[in-house]
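Student: To start, I am sharing the structure in question, which I have written as structure tokens.
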Amino acid sequence: MKRAVLLLSVSLVLACGEKDAPDSGLSDTADTDTVEVLDADGDGYDAEDDCDDADPLVFPGAEEVCDGVDNDCSGAIDDDPTDGSWFFEDADGDGYGNAAETALACAADEGWTSDDTDCDDTDATANPGVVEVGCDGVDNDCDGSTDVNLVPSDFATVTDAVDALDDGAEICVEPGTVTDVLALTGRTLTITGQRGLVDTIWDLGSAPALTLDNTSLVLQGFTVSGGDFTPAEDMSGGFVGAVDSTLTLADIDFTGHEVTSVDGPMIRGLLVHGTDSEVLLERVDVSDIKLSVEATTTSVTTHVWGGLLWAEGGGLTLVDVAVTGVDVQTIGSPRNVYVVGLGVATEDAALDIDGFTLRENSAAVDAVETASLNSLGIWSKRGTATGANLDLSANSGTATAPRGSGSTLLSSETEGAVWSDVVVEDNFFVVNAELGSANALVDIQGGSISGLSVSGNTADAGAVGASCLGLLLHNSDGSYVDVRGNTQRGDVLRGIVCVEADEGDASLDHFVIAKNTFDSDDTRQVLHAYAEVGDAVIGHGDVVGNLRPETAGCLLDLYGSEGVLSVHDVNLVGDGPGVCAEVDDGTLVFTGNNVHTGEPRYEGMTAPAGDLDADPLYTSTSDTDPWAWDLTLQAGSPAVDAGSADLSDDDGSACDIGAYGGPGGSAW
């Protein structure tokens with residue numbers, strides 16, 4: 001009862017302190033009883049140090065065990081328990097842990113595991129539970145070895161690996177050079193350069209590397225070089241020829257090939273030729289290719305169809321493909337040379353392009369009778385075609401012969417083809433001939449094109465003239481077309497842009513034709529349209545600042561025989577005659593336009609009701625570079641709200657005249 005007595009004495013002292021004590025004359029300092037702190041649970045630690053003085057198993061220094069109690073009074077429950085388990089960090093969340101990162105605990109926290117066998121805890125695809133990937137340079141299954149089916153570690157050559165492995169296998173080619181020539185029939189294989197195209201070379205030598213028949217092949221991660229061919233007969237597919245097959249070429253560089261056609265062999269697909277096959281090229285670069293057409297007699301005729309890539313039947317898909325530094329030349333005096341689709345050519349095939357660059361390529365073709373450059377870029381006939389993000393720039397071509405033609409970079413003769421976001425700039429073409437013509441840089445027949453920019457190109461047509469310099473829409477539709485700063489030397493037979501409807505309809509909507517230069521007195525017109533059987537519609541455009549000789553023809557030339565010709569909401573601005581019309585049995589609809597030209601403003605037609613002849617007051621046309629011109633209208637422009645009464649601008653106001661007016665005018 002010691003504790004009770006002690007507490008009573010303390011209470012009495014406190015109580016007595018509430019009254020004034022008589023002065024005893026003694027010191028204020030008196031003996032004080034010591035208050036004793038107890039160890040209630042008898043574990044040797046008093047209540048001040050013991051975090052639970054009611055539990056003799058809980059005290060500082062006690063063994064921490066997995067019981068949900070802070071046994072050692074550390075402030076943490078079940079930390080470093082003596083009966084716990086070791087866990088390992090699983091940083092990549094694949095269920096396998098890193099043996100170097102450990103923790104002792106009762107249970108695994110999030111991001112930890114009881115397994116310690118992960119060989120790469122930063123990669124969830126690398127652990128003992130996965131199957132080793134054939135060729136990625138990684139120990140995927142953590143067995144201590146990297147990749148399988150290696151050439152030359154496991155097989156001396158690619159050919160040996162092909163012969164030994166079953167269908168579905170992936171052959172992994174280690175850094176170095178291979179020279180295999182494979183003929184595959186009825187196989188399904190993947191061949192991969194282990195370290196990618198920089199370190200893995202496929203040297204062609206003088207023979208095509210791959211011939212596929214009813215085969216599915218994926219080839220990826222190679223530089224293909226060294227081809228030097230002089231074919232004795234027609235050549236199809238200098239690197240790979242595929243029939244009834246599926247072929248994927250990914251992450252491939254073709255470079256340094258030379259092909260010489262002597263006395264006539266046809267070239268169809270110098271690099272890749274597909275017949276009734278599905279061919280995909282993804283992230284493929286083609287560079288430094290030389291193609292020579294040699295003739296030892298003057299009776300030789302040579303055709304180059306799809307100089308690099310050719311597909312007939314089946315399909316050809318291009319994703320991020322670039323062609324640069326290709327050179328075509330003639331040696332000797334061949335009778336006829338025809339180049340059709342130097343970059344890509346398809347016939348009766350499905351062509352699909354997303355990202356294609358054709359830059360700094362050249363062709364110089366001389367012949368005794370005919371020299372034809374019918375598309376240095378893309379040529380598509382029949383089948384289907386879709387293409388987006390094309391850059392066809394800084395290329396050059398010369399065709400010299402009594403009959404010659406050239407200059408086309410995109411030729412689409414495919415019904416329903418859809419092309420978008422195409423840039424054609426700084427190309428240079430010369431046609432030295434007595435007959436023929438320099439054809440349109442972009443020729444669309446039976447399809448559509450949107451987002452086309454044609455600038456800085458020069459075509460020297462000489463005596464033969466140019467049919468259409470920039471764009472030909474033949475039974476086709478064009479929108480958001482910008483043609484500026486091009487130069488035409490020689491006669492222009494039809495126009496800079498031509499819209500023609502003879503077996504179907506054609507249209508040009510939202511367009512600019514600005515500051516193109518012509519040096520021939522026989523230049524006929526800038527914009528040409530005709531409707532022979534179908535209807536042709538031209539709307540929402542600006543034709544301005546084009547430099548022409550005084551004797552040149554009209555800015556706008558219209559011809560109609562049976563169809564309907566409709567022109568609306570166009571600013572025609574410049575010197576010389578304005579509109580020339582010849583409409584026989586057809587119908588001409590001319591509304592909401594501004595013809596601000598020299599005289600005669602109209603020839604072959606009367607001025608329409610509400611005729612407007614006014615400076616459209618563009619925001620800016622003073623810069624020497626037409627691409628710096630701002631052809632939007634100033635607030636006080638007479639062309640504002642002066643367009644077709646039945647149309648509105650995107651902001652709901654009345655229709656403006658010009659490229660930026662009307663529905664969709666703000667979408668440039």
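The values are calculated or read from the model by the stated rules, or taken from the named source; none is laboratory data. Quantities reported herein were computed from a predicted structural model and do not represent experimental measurements. Methodologically, a virtual Cβ is constructed for each residue, glycine included, from the backbone with ideal geometry; neighbour enumeration extends over all protein chains shown. Only protein heavy atoms, including side chains, enter the accessible area calculation; ligands, DNA and RNA are left aside. Shrake-Rupley method; radii C 1.70, N 1.55, O 1.52, S 1.80 Å.
Student: Once you sort the root eigenvalues of the Cα gyration tensor of the chain as a ≥ b ≥ c, which label holds: rounded (a/c under 1.5), prolate (a/b larger than b/c) or oblate (the other case)?
Tutor: The shape class here is oblate.
Student: How about segment 519-605: which GluC sites (Glu not before Pro) there lie in a loop by DSSP and see at most 13 other Cβ atoms within 10 Å? Each step should come with its number before you reach the end.
Tutor: Working: sites: GLU532, GLU550, GLU562, GLU582, GLU603; in loops: GLU532, GLU550, GLU562.
Here the GluC sites (Glu not before Pro) that fit, given the DSSP loop and packing criteria, are GLU550.
Student: Would you work out the relative contact order for the chain, in percent, from Cα pairs under 8 angstrom that are 6 or more residues apart?
Tutor: It rounds to 4 percent for the chain.
Student: Calculate for the chain the 222 nm mean residue ellipticity that helices alone would give, adding -39,500 (n - 2.57) per DSSP H run of length 4 or more and normalising by residue count, nearest 500 deg cm²/dmol.
Tutor: Numbers: 2 runs with 22 residues, N = 668.
It lands at -1000 deg cm²/dmol.
Student: Another question, if that's okay. With every protein chain kept in place and ligands, DNA and RNA left out, what is the accessible area per residue of the chain? Probe 1.4 Å, answer in Å².
Tutor: In whole numbers, the chain has 42 Å² accessible per residue.
Student: Cα gyration tensor of segment 388-434, axes a ≥ b ≥ c as square roots of the eigenvalues: rounded (a/c below 1.5), prolate (a/b > b/c) or oblate?
Tutor: Since a/c reaches 1.5 but b/c is at least a/b, the shape of segment 388-434 is classed as oblate.
Student: Moving on to the next point. Please list, in chain and number order, the residues 5+ apart from VAL564 or on another chain whose amide H is under 5 Å from its amide H, with Hs placed from the backbone.
Tutor: The list, which skips near neighbours in sequence, is ASP535, ALA536, THR587.
Student: If you count the DSSP beta bridges with both ends in the chain, what percent of them are antiparallel, to the nearest 5?
Tutor: 5
Student: Further question on the same structure: Given a Förster distance of 51 angstrom, what is the FRET efficiency for VAL130 paired with SER666, based on the Cβ-Cβ distance and rounded to 0.05?
Tutor: Efficiency at R0 = 51 Å is approximately 0.45.
Student: Share of antiparallel DSSP beta bridges in segment 187-245, in percent to the nearest 5? Please report the intermediate quantities before stating the final value.
Tutor: Values: 0 of 12 bridges.
Just about 0 percent of them are antiparallel.
Student: Which percent of the accessible heavy-atom area of the chain goes to carbon and sulfur, probe 1.4 angstrom?
Tutor: 48
Student: For segment 77-99 and segment 256-296, what is the centre-to-centre distance using only Cα atoms, to the nearest Å?
Tutor: Segment 77-99 and segment 256-296 have Cα centres spaced 60 Å from each other.
Student: Let me ask something else. What GluC sites (Glu not before Pro) in segment 106-176 are in a loop by DSSP, with at most 14 other Cβ atoms within 10 Å of the Cβ?
Tutor: GLU110
Student: Something else now. So how strong a dipole does the chain carry about its Cα centre when Lys and Arg Cβ are +1 and Asp and Glu Cβ are -1, to the nearest 20 debye? Display every interim value, and only then the final one.
Tutor: Values: 20 positive and 125 negative charges, 1284 e Å.
Dipole magnitude for the chain comes out near 6160 debye.
Student: Which is farthest toward the positive dipole end of the chain among ILE538, GLY664, LEU358, measuring Cα position about the Cα centre, with Cβ charges +1 (Lys, Arg) and -1 (Asp, Glu)?
Tutor: The one lying farthest along the dipole's positive direction is ILE538.
Student: Treat every Asp and Glu Cβ in segment 515-668 as -1 and every Lys and Arg Cβ as +1, leave all other atoms uncharged, and give the resulting dipole magnitude about the Cα centre to the nearest 20 debye.
Tutor: Dipole magnitude for segment 515-668 comes out near 140 debye.
Student: So what's the angle, to the nearest 10 degrees on a 0 to 90 scale, between helix 2-16 and the longest Cα principal axis of the chain?
Tutor: Computed tilt is about 90 degrees.
Student: Can you give me the long-range amide H partners of LEU358? Hydrogens built in the peptide plane at 1.01 Å from N, cutoff under 5 Å, separation of 5 or more residues or another chain.
Tutor: Long-range HN contacts for LEU358: VAL323, ASP391, LEU392, SER393.
Student: Next question, about the same structure. Please list, in order along segment 599-611, the HN-Hα scalar couplings obtained from phi with the Karplus expression 6.51 cos²θ - 1.76 cosθ + 1.60 (θ = phi - 60°), rounded to whole Hz, x for Gly and Pro.
Tutor: Each residue of segment 599-611 in turn: 9, x, 6, 10, 9, x, 7, 8, 4, x, 4, x, 4 Hz.
Student: Give a residue-ordered list of calculated ³J(HN,Hα) values for segment 253-259 (Karplus: 6.51 cos²θ - 1.76 cosθ + 1.60, θ = phi - 60°; whole Hz; x for Gly, Pro).
Tutor: Result, ordered by residue: 10, 9, 7, x, 8, 10, 10 Hz.
Student: Place +1 on the Cβ of every Lys and Arg and -1 on the Cβ of every Asp and Glu in the chain, take the dipole about the Cα centre, and give the residue among ASN571, SER333, LEU473 whose Cα lies farthest towards its positive end.
Tutor: Among ASN571, SER333, LEU473, the one farthest towards the positive end of the dipole of the chain is SER333.
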